[in-house]
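**Student:** The following block contains the structure, expressed as structure tokens.
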């Protein structure tokens, strides 16, 4: 969440910056709730100090009884105001960086560059090819689990694990530590990411246990250091996890194949760094995404997302879209964001030099897709298809596999 103290002291500047996110914010109500919250906190602190002072006396006084009653009355009032303040401030998005394009929606995103030769401008759909080769089965998955699920089979399974190893070999050279995080996290930890607000129809919830299923391992790696003060930076992770999304707002979109599904595997890069290093760290993450794509020889374009299209916690987001021949257009396969101190403030993740008297500061957090396995498989199947229905394997994956082509048996 944003720094309310900074927002107060620089209100005009913050209002102007947040307006770039094209989201209506009731600043008057937010600041009024903050005033009420601080007044109640101050009153309670005064009363508790008085209570401590009176407790030193051996005699039970009428004043002590009255102070206790006043504290009991104020505590629920403060809790109510704090909850209202929390619900108001979580609606405020992160302040965008200066180079974020202005715009209300994806139509205003800016193409930074286009990379790679499009060797196949059109072709068969990935599922038509995969079904014939017996490497993906959607029909039986629908019987077992419903729509938007799939079985990955045979060489496609081997291809997934080859992709995982290929990506790890690249990102580990930049000190990204491999991690397999939980896919179920506590609601308060989920709240810290900025992706799970009061109502999030895209997340699976286990209401009996107050747990949330992650839609990306960013959401479970981020709280790894919740409530901690780090003394060494940066901390870099590459997480592999199964991700779950309800896709509640995507009815009728991308219904064919495995482009938009409820369950998929993904490799995600995540960094904790010093504030002054976050721009360079974001550039590193983007460069690794490009290295992965260029190694697979898949054509792509890179976009800078406009303020209105970025996720709530992001101060800057850059996407990579890969060419999909059957759709004759680029589709999103990667996204990387610099979230500055927005998430760290929620989860109280700080950095302090190991020097006496040095003040701790909030870290900056960044995330980036290393590889969304399902979408990578789509891109490989469609871009590497042959006229006879077989699929060539990208040369970068040959060292990890016993085959170089997938063909009918």
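Just so it is clear, none of the values below were taken in a lab; they were calculated from the coordinates. Quantities reported herein were computed from a predicted structural model and do not represent experimental measurements.
**Student:** Go ahead and estimate [θ] at 222 nm for the chain from helices alone: -39,500 (n - 2.57) per DSSP H run with n ≥ 4, summed, over the residue count, rounded to 500.
**Tutor:** Computed mean residue ellipticity for the chain: -11500 deg cm²/dmol.
**Student:** Among 79, 213, 104, whose mean-square fluctuation peaks in a Gaussian network model of the chain (Cα, cutoff 10 Å)?
**Tutor:** 79
**Student:** Same structure again: Tell me the angle of helix 27-55 to the major Cα principal axis of the chain, expressed in degrees between 0 and 90 and rounded to the nearest ten.
**Tutor:** Its long axis makes an angle of about 50 degrees.
**Student:** Report the Rg/Rh value for the chain, based on alpha-carbon coordinates and the Kirkwood definition of Rh. Present the calculation step by step, with values, prior to reporting the outcome.
**Tutor:** Details: Rg = 25.1 Å, Rh = 23.7 Å.
Using Cα coordinates only, the ratio equals 1.06.
**Student:** Relative to the first principal axis of the alpha-carbon coordinates of the chain, what is the inclination of helix 62-89, with its axis defined by its Cα atoms, in degrees from 0 to 90 and to the nearest 10?
**Tutor:** 30
**Student:** Please build a GNM for the chain, connecting alpha carbons under 10 Å apart, and tell me which residue among 371, 312, 74 fluctuates the most.
**Tutor:** Result: 74 has the largest fluctuation of those listed.
**Student:** Of 344, 376, 12, which is the most mobile in a GNM of the chain whose springs link Cα atoms less than 10 angstrom apart?
**Tutor:** 12
**Student:** Also, quick follow-up: By how many degrees, 0 to 90 and rounded to 10, does the Cα axis of helix 154-171 deviate from the longest principal axis of the chain?
**Tutor:** 60
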